[in-house]
Amino acid sequence: AMAAAVARSRFAVVGGGIAGVTCAEKLAMEFPSEDIFLVTASPVIKAVTNFKQVSKTLEEFDVEEQPSSLLEKRYPNIKVIESGVKQLKSEEHKILTEDGKEYIYEKLCLCAGAKPKLILEGNPYVLGIRDTDSAEFTFFFFFLSIQAFQKNLAQAERIVVVGNGGIALELVYEIEGCEVIWAIKDKAIGNTFFDAGAAEFLIPKLTAEKRETEIACKRTKYTMEGKEKKGSPIVESDKLGSALGPDWHEGLRLKGTKEFSHKVHIEILCEVKQILLQQEFLQLKWTSLTFPKEEKNVEADDVLWPVYVELTNGKVYGCNFIVSATGVVPNVKPFLDGNNFAVGEDGGLKVDEHMHTSIPDIYAAGDICTASWEPSPVWHQMRLWTQARQMGWYAAKCMAADTLGEAIDLDFCFELFAHVTKFFNYKVVVLGKYNAQGLGLNHELMLRCTKGQEYVKVVMQNGRMMGAVLIGETDLEETFENLILNRMDLSAYGEDLLNPNIDIEDYFD
């Protein structure tokens, strides 16, 4: 047998997403005379464009799909290898690609991303969506292009949406003229990004028909004593204006067959138990429910639907199709065989503070990895584009430092969790432990809510600010970022911290 073609390089990177491309670019700059192999199964790569550092920790950028030839033009020492990885032989420092070639590396960074968790593979009535990041909601439709989704929706009278991330939120918000049954496993919508309060601030947008300029302002503070104090800090929702979301659906009409605007029914604390095709449903002689008019009505549906969903709460609904937007699973499969990687609870490759996996000379970054160092008290990992970019860049710096025998400190971007995005056309900034993640009951929340305009929430612990959610044009992000980073004792300010008549920037510079 002929020996497979072998190529050697000092650095290899697997994955053409944000983490992999950022890592390869940084290595190409650090080592202009070395060839950097970038192994990717797709002919297009994802490039970061229009990068802006908004504050110390907040950054904004766009993500663009580009042909890999453009990347090779920009960095002549990056060699893109268009093939999937068949096997990794870590003992031999060797990658075998699907097309039968072998590549030998000194240092390797795995950035193969994550795959959508699908409730059911291969069912024609289940559309899978991956929310590549709540930042720009660029959707990948795995079974259908957006056009096909539109065509499906154009004939749809009812759909079931499963999932509670940013993508499901945006989708439900944008769909008009079609009944939507939205199944979420949490108590409130949008749990990854918001608490129930922020969700309530946004909910009126789901049912909004017309814009009103009525403004109510409320400030309040409540502590976690097992139970929140009575008196909800959130103003009752009236109708608010409906605005377009981010640009993902520019020029799209997400409109169903019905003439009404929004009709959304949320089923909380449940997941999909099973999906039945029409024949199976008829054979079982089950009954399904009509779209709930009031919370109480439970009527049998006499319409025959193409597909049925049984939820874990026992309810059965028929629909035209199901949209699965249920998060991601790290794409580790091709690398595990024959290699003894330490894997995190979420299925990602564990990495230490220098992005090393548990195998010598192999690093990982982005969605495929699980941060396993002792994190800063106000940082946590979330599978977002921002973190993919930061990790890819930092992994390259670590690979360079190790190669040159230099020491390197954990990058500043891991000091504070910070993310800026847009929901329902509001600017949204989340900082630190914005949902009191991991703080137990030992914290209190302060809120300021101006209906239809802004929502400000801070998470306080022992007089120090640990996190914040800012919705709307609050201009507080830099101040709050500094207060969280400086761990300043703010007990003295009490509720004045959120007093709109006090310019808090004047206190803190």
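Worth a mention:
- Subset of 56/457; 115/187; 94/350 violating a 23 Å alpha-carbon distance limit: 115/187
- In the range 425-507, the ratio of gyration radius to Kirkwood radius, Rg to Rh, stands at 0.93 when only Cα atoms are counted.
- Distance histogram for the range 324-432 (every C-alpha pair counted, 10 angstrom bins, percent rounded to whole numbers): 13, 42, 32, 11, 2
- For the range 369-509: Kirkwood Rh in Å [reciprocal of mean 1/r, alpha carbons]: 16.6 Å
- Net charge of neighbours whose Cβ lies under 11 Å from the Cβ of residue 185, counting Lys and Arg as +1 and Asp and Glu as -1: -2
- Under-5 Å amide H pairs with residue 79, H placed in peptide plane, nonlocal only: 36, 37, 38
- J(HN,Hα) series, the range 65-73, from Karplus relation 6.51 cos²θ - 1.76 cosθ + 1.60, nearest Hz, glycine and proline x: 7, 9, x, 4, 4, 5, 5, 5, 5
- Exceeding the 24 Å Cα-Cα cut-off - candidates 46/263; 185/263; 46/107: 46/263
- Sparse-neighbourhood loop sites, GluC sites (Glu not before Pro) in the range 289-355 - DSSP loop, at most 15 other Cβ within 10 angstrom: 294, 295, 299, 345
- Alpha carbon Rg of the range 1-107, scaled by the compact-globule rule 2.2 N^0.38 Å: 1.16
- Diffusion of the range 39-101 by Stokes-Einstein, at 4 °C in a medium of 1.567 mPa s and with Rh set to the Kirkwood radius over alpha-carbon pairs, works out to 92 µm²/s.
Each value in this text was obtained by applying a stated rule to the coordinates, not by laboratory testing. No experiment lies behind these values; they were computed from the predicted model shown. Every residue, glycine among them, receives a Cβ derived from its backbone with ideal geometry; neighbour counts consider all protein chains shown.
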